[in-house]
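Inspection log for the structure reproduced underneath, given as structure tokens.
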């Protein structure tokens, strides 16, 4: 177990088997390589991806299919190889969420660049689906 201090969750004891490793970091956070995913609460569709190096760095995530049932992440062969994916059923896909000006009603999900995690080895990468109609700002709660 590893002890980690966080601004949002206080001190955590982390099982090393749950540590998600980004070999190249995340775009704009290339020096961040280790994270843990924590549920917002038991019944919430939201998660936090907490940095293990920076106590104040946590990204809000969701599982895209919860809000976008037809969502499909196209994972290129080089990413499959890089992450060591051998079983597609052991891959988790998350979308990063943005809350513009703190307005929950206007939250958006980045469906163009999902976080892909191979749960068999906990290797992860934020991919960019270049040949996609998805954008970085899909509204979770569109105006009716």
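Here, each number is a calculation from the coordinates, and none is a lab measurement. These numbers come from a predicted model, not from an experiment. Positions of Cβ are generated from backbone atoms using ideal geometry, with glycine treated the same way; all protein chains shown enter the neighbour counts.
What the table shows:
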quantity	calculated
Extended-chain gain in nm, criterion 0.36 nm per residue less alpha-carbon gap, residue 40 and residue 1	11.9 nm
GNM flexibility winner over the chain from 53, 73, 124 (Cα, springs under 10 Å)	53
Given (1) 8.6; (2) 7.8; (3) 9.4, the label whose value is mean projected area of the Cα convex hull in nm² derived from this model	(3)
Theoretical ellipticity at 222 nm over the chain - DSSP helices of four or more residues, -39500 (n - 2.57) apiece, nearest 500	-1500 deg cm²/dmol
Fewest-first sequence of 125, 23, 17 by Cβ atoms within 10 Å of each Cβ	17, 23, 125
